[in-house]
1. What Kirkwood hydrodynamic radius do you get for the range 13-53 when you take the inverse of the mean 1/r over all pairs of distinct Cα atoms, in Å?
2. What do you reckon, how do F91, F32, F74 stack up by accessible area (1.4 Å probe), largest on top?
3. Which trypsin sites (Lys or Arg not before Pro) in the range 1-87 pass both tests, a DSSP loop state and at most 14 other beta-carbon atoms within 10 Å?
4. Expressed as a rounded percentage, what relative contact order does the range 26-114 have, with Cα pairs under 8 Å and six or more residues apart?
5. Along the range 89-98, what does the Karplus equation 6.51 cos²θ - 1.76 cosθ + 1.60 (θ = phi - 60°) give for ³J(HN,Hα), rounded to whole Hz, x for Gly and Pro?
6. Hey, got the dipole for the range 1-54? About the Cα centre, +1 on K and R Cβ, -1 on D and E Cβ, debye to the nearest 20?
7. Rolling a 1.4 angstrom probe over the protein chains, ignoring ligands and nucleic acids, what is the accessible area of S27 in square angstrom, nearest 10?
8. Given labels modelled 7 Å from the Cα in the Cβ direction, how far is it in nm from T52 to A82?
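The values are calculated or read from the model by the stated rules, or taken from the named source; none is laboratory data. All values reported here derive from a predicted model rather than from experimental measurement. All Cβ positions, glycine included, derive from the backbone under ideal geometry; neighbour counts span all protein chains shown. To get the accessible areas, we keep the full protein, side chains included, count just its heavy atoms, and leave off ligands, DNA and RNA. Shrake-Rupley method; radii C 1.70, N 1.55, O 1.52, S 1.80 Å.
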Amino acid sequence: PYAQHWAFTPPQRPAIPPVRHEAWPRSELDRFVLAELERSGLSPSPEADRATWLRRVTLDLTGLPPTTEERAAFLADQSADAYETVVERLFESPRHAERMAMQWLDAARYADTNGYNNDETRTLWPW
């Protein structure tokens, strides 16, 4: 029997799952996370304080901790979009680009040869 290839099927938005703790989700995505946690018999961890959140997001997106100045600026910023401002700044950072390219660069370093014992070196490290 013929079935249409999945690539030609328009994506369908899944139904938002019901959750027991209605107050926890801040977005529709949170409802999916919470539904899975509840299904597994788990509950969300408490929300991290601002300094901890900044350290986590900076390490995750750049591989480096925030500077003292970045930390002070974030803790002083009480605007509604303070979190989004930090994430956008990190995405625009060259450190984020380096972090994203790290796995490819590691693979390129290991590919610095044609694969034979006495072959000529192929210098790929500048990439």
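1. On the way: mean 1/r = 0.0896 Å⁻¹.
Roughly 11.2 Å, rounded to one decimal.
2. These residues rank, largest area first, as F91, F32, F74.
3. Within the range 1-87, the qualifying trypsin sites (Lys or Arg not before Pro) (loop, at most 14 other Cβ atoms within 10 Å) are R20, R26.
4. Working: 36 pairs, mean separation 20.4, N = 89.
This gives 23 percent for the range 26-114.
5. Coupling constants for the range 89-98: 4, 5, 4, 7, 6, x, 5, 5, 4, 4 Hz.
6. Roughly 140 debye, rounded to the nearest 20.
7. Rounded to the nearest 10, the figure is 50 Å².
8. Spacing of the two 7 Å Cα→Cβ label points: 1.6 nm.
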